[in-house]
Amino acid sequence: LLPIAEEHQSRISRSQEALSIRYIFKTNEGTSTYGAIEDAEEVDEPEAEISTGPLDSAQLGAMEEAEIVKTLMKLLKERRFNEIRRKQTLLGPHRDDLVFCLNDKDAVSFASQGQQRSIVLSLKMAELTLVRETLDEAPVLLLDDVLAELDEFRQGLLMSVVEQDMQTIITTTHVTGFDPRWLDGAAIFQVHDGHVQRLPATQAGYVNHVV
């Protein structure tokens, strides 16, 4: 997914933003094994110290699958008492995370709302590409108020993808900001008071809730 998403992000940002994704492999709460990124999740009670320390990215990348399994099994055994006491599994893939970065900076901390939306769009467009290639058919695309925080250039890029022979459902509070070309051929429905009504295109600019 990532190589395709990287291309989309570069195109969306006019080659000013490089998207990267880091996998965070956590060996214990409060410490991550990839890139020394701290886990912000709070722990109610202190955990027993784990003898296996954090692994840097180079070590993790060089590990064979069997080594990773061995590490996880060791940690699970050391945590068995605390896991039974807390009634939850405290480490494993479900505890790992992904960090999305633009130009090597954490997007959650440094990216604007528009940039964060752009990352989502890049990933979504990459998904569309993979689904088309895998299933040899266009998927149904669902977008919820997606244009709200995108500039005109990014809106145009998204809508150009929507126009590529694909059924798309877009929810929004208004369509006044939509380029008339984007509404051409669209079926527009107003949702009001629990009732759905199809509207003619001539009234589309005045509705408050559109699907």
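The values are calculated or read from the model by the stated rules, or taken from the named source; none is laboratory data. Since the structure is predicted, the reported quantities are computational estimates derived from the model, not experimental observations. All Cβ positions, glycine included, derive from the backbone under ideal geometry; neighbour counts span all protein chains shown. These accessible areas exclude ligands, DNA and RNA; they are computed on the full protein's heavy atoms, side chains included. Shrake-Rupley method; radii C 1.70, N 1.55, O 1.52, S 1.80 Å.
May I have the convex hull volume per residue, in Å³, for the Cα set of segment 75-202?
Numbers: hull volume 27.5 nm³, N = 128.
Hull volume normalised by residue count: 215 Å³.
Once you wrap a convex hull around the alpha carbon atoms of segment 103-172, what is its projected area averaged over all directions, in nm²? Walk me through the numbers on the way to the answer.
Details: hull surface 21.3 nm².
Across all orientations, segment 103-172 yields a mean hull projection of 5.3 nm².
Would you list, by chain and number, the lysines whose Cα falls below 21 Å from the Cα of Lys26, excluding same-chain residues fewer than 8 positions away?
Filter leaves Lys70, Lys74, Lys77, Lys87, Lys105.
Taking 0.36 nm per residue of separation and subtracting the Cα-Cα distance, what length does fully extending Tyr23 through Asp136 add? If you can, show how the numbers build up before the last one.
Working: separation 113, 0.36 × 113 = 40.68 nm, distance 2.96 nm.
So the extension gain works out to 37.7 nm.
So if we plug the beta-carbon distance of Met63 and Arg198 into 1/(1 + (r/R0)^6) with R0 = 41 Å, what FRET efficiency do we get, rounded to 0.05?
On the way: r = 57 Å, r/R0 = 1.39.
Here the calculated transfer efficiency is 0.10.
Averaged per residue, what accessible area in Å² does segment 128-183 show with a 1.4 Å probe, protein chains only? Each step should come with its number before you reach the end.
On the way: 3430 Å² over 56 residues.
For segment 128-183, the per-residue accessible area is 61 Å².
Mind giving me the FRET efficiency for Lys74 and Phe189? R0 is 35 Å, r the Cβ-Cβ distance, nearest 0.05 is fine.
0.05
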